[in-house]
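To start, the structure under review is shown below, and the notes come after it.
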Amino acid sequence: MTERYVGRNVYKVDAQDKVMGKAKYPDDIYFDNMLYLKIKRATHPHAHLRRIDISKAVKLPGVVKIITADDIPQVKNFGLIIKDQPVLVGIGQKMRYMGDALAIVIAETKEIASKAVRLIEVEVEELEVISDPLRAMEKDAPLIHKDGNILATHYLEKGDIKKGFAEANVIVENEYRTTFLDQVPLQVEAGVGIYDEESGFIKLWVASQWLHDTQADVAQSLGFPKEKIRIIQPVIGGAFGKKEDISVHIHLALAAIATKRPVKLTYTREESMIAQSKRHPFIIRVKTGATKEGYLTAWQAEVIGDTGAYASSGPAVVHKGMYHCTGPYNVDNVKGVAYTVYTNNTYAGAMRGFGTTQMAFAYESQMDILAHKLGIDPAQFRLQNAYNIGSSTPNGQILTHSVGVKETIKKAAEIAGWKGGLR
């Protein structure tokens with residue numbers, strides 16, 4: 001490389017267009033003769049759909065078409081890891097959270113589409129709403145999905161946990177809970193779709209984080225060859241994990257195919273909050289042992305991750321969190337179990353940190369409590385347990401480079417004016 005980038009200001013190639021208002025986000029894209037979509041969503045977070053009546057809505061002037069599940073029997077479920085999410089919930093099927101889509105309204109204007117959504121009548125058979133993952137794990141809990149409410153279970157074991165606790169002079173055991181968190185990117189989910197009848201191509205202008213995975217998921221859901229799905233990436237407008245999941249993509253494609261006209265769908269902020277993924281809430285039960293000299297001997301963790309109504313990235317996020325249960329600290333004896341659990345909450349997926357952010361709250365709290373009980377400066381306690389080159393993580397990975405945690409602790413203490421006795 002002829003140029004060095006580390007430590008230098010680097011020109012951001014899209015900065016000028018964004019500052020000048022020239023950057024085109026999904027909601028900025030227009031075509032002549034374009035139609036607008038709105039989605040009729042679930043009326044109850046856990047219920048069987050018994051009837052959906054679109055008769056009043058289709059008579060509204062300006063409504064072009066309304067698509068329900070009966071119109072698309074060939075369309076398959078979608079999902080990042082597990083294909084467990086329906087494109088539209090049909091009669092006799094189950095709505096599992098308030099974001100489930102029941103119908104796609106296509107109209108000449110956004111206002112007409114919104115009015116038509118309100119005219120759609122729905123009858124449901126309500127079921128017990130499970131908002132607590134602990135309730136979901138009970139044997140008598142109603143099944144949210146037919147194969148059970150515990151989507152995935154992962155285990156972790158390193159060393160001898162009984163030996164580790166036997167060696168400890170101090171043991172601290174606590175439960176920590178984190179909550180749902182929305183990424184709130186400035187650009188909500190939005191896009192435009194066109195179907196070229198002659199070539200059979202579907203073109204989607206939608207901001208996506210996993211472009212090729214999204215293309216593949218849309219294709220398998222619609223039964224199209226992957227090469228017939230073209231996703232053109234506009235300026236994203238923020239994502240932070242939220243735009244890894246399918247949002248407007250399949251609904252746009254179906255509407256474009258049905259009408260042979262350009263179609264556009266833009267979520268409201270409320271709709272984005274209800275329908276799209278969140279950061280997983282974790283219940284983290286931790287038991288940690290240390291010697292009187294301040295060295296960690298054992299770490300046991302149970303992680304219960306609420307993945308909401310659908311899997312999304314849940315199995316990966318929750319077990320990744322468990323793998324980081326000890327943080328950047330050396331512990332020879334570790335044992336963990338992680339449960340990814342379905343509930344009737346909005347589904348949870350990727351958000352910056354991918355499970356490790358939730359765990360940091362637990363392991364750093366444990367470190368503070370242990371330091372206090374041992375009478376050791378908390379920064380010094382972290383330093384003497386921190387990773388080095390050659391350290392082994394809970395899942396057996398040997399760290400061979402880029403281990404800067406000790407330097408980071410020292411620099412943070414210096415900047416903060418920490419008066420503890422660091423060595």
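Determine which member of the set Leu127, Leu211 is of a type in the set (A, V, I, L, M) and either surrounded by fewer than 14 Cβ atoms within 10 Å (Cβ to Cβ) or under 30 Å from Ala23 (Cα atoms) (or both). Break it down stepwise before answering.
On the way: Leu127 fails: either surrounded by fewer than 14 Cβ atoms within 10 Å (Cβ to Cβ) or under 30 Å from Ala23 (Cα atoms) (or both).
Just a single option satisfies the conditions, and that option is Leu211.
Output the residues belonging to the range 73-127 that are part of a strand (DSSP E or B) and more than 27 Å from Phe224 (Cα to Cα).
Correct list: Glu121, Val122, Glu123, Val124, Glu125, Glu126.
Of the residues in the range 178-208, how many are out of contact with any helix residue (DSSP H, G or I) (no Cβ under 9 Å at 6 or more places or on another chain), touching a residue at least 40 places away in the same chain (Cβ under 8 Å) and either of a type in the set (Lys, Arg) or loosely packed, with under 13 Cβ neighbours inside 10 Å (or both)?
Matching residues across the range 178-208 total 2.
Can you find a residue in the range 82-104 that is in contact (Cβ under 8 Å) with a residue 60 or more places away in the chain, acidic (Asp, Glu) and either farther than 16 Å from Tyr347 by Cα or touching a helix residue (DSSP H, G or I) at 6+ places or on another chain (Cβ under 9 Å) (or both)? Working first, answer last.
The first filter runs over the range 82-104 and keeps only residues in contact (Cβ under 8 Å) with a residue 60 or more places away in the chain, leaving 82-85, 87, 96-104.
When the remaining residues are screened for being acidic (Asp, Glu), the result is 84, 100.
Now drop any that are not either farther than 16 Å from Tyr347 by Cα or touching a helix residue (DSSP H, G or I) at 6+ places or on another chain (Cβ under 9 Å) (or both), which leaves 100.
Checked the range 82-104: at least one residue is in contact (Cβ under 8 Å) with a residue 60 or more places away in the chain, acidic (Asp, Glu) and either farther than 16 Å from Tyr347 by Cα or touching a helix residue (DSSP H, G or I) at 6+ places or on another chain (Cβ under 9 Å) (or both).
Which condition breaks for Asp132 when tested against (1) outside the structural domain of His48 (by TED's automatic domain parsing); (2) farther than 24 Å from His280 by Cα?
(2)
If I filter the range 364-386 for residues that are in contact (Cβ under 8 Å) with a residue 40 or more places away in the chain and closer than 30 Å to Ile130 by Cβ, do I get at least one hit?
Yes: the range 364-386 contains one or more residues that are in contact (Cβ under 8 Å) with a residue 40 or more places away in the chain and closer than 30 Å to Ile130 by Cβ.
Can you confirm whether Ser365 is surrounded by fewer than 18 Cβ atoms within 10 Å (Cβ to Cβ), touching a strand residue (DSSP E or B) at 6+ places or on another chain (Cβ under 6 Å), among the polar types (S, T, N, Q) and under 28 Å from Gly404 (Cβ atoms)?
Taking the combined requirement at face value, the residue does not satisfy it.
Just the residues that are among the aromatic types (Phe, Trp, Tyr), assigned to a strand (DSSP E or B) and closer than 30 Å to Pro281 by Cα, please, taken from the range 161-216. Full working, then the answer.
First, pick out the residues of the range 161-216 that are among the aromatic types (Phe, Trp, Tyr): 165, 176, 180, 195, 201, 205, 210.
From what's left, assigned to a strand (DSSP E or B): 176, 195, 201, 205.
Selection gives Tyr176 alone.
The values are calculated or read from the model by the stated rules, or taken from the named source; none is laboratory data. Quick caveat, the model's predicted, so the values are computed rather than measured. In this analysis, Cβ positions are derived from the backbone assuming ideal geometry, glycine residues included, and neighbour counts consider all displayed protein chains.
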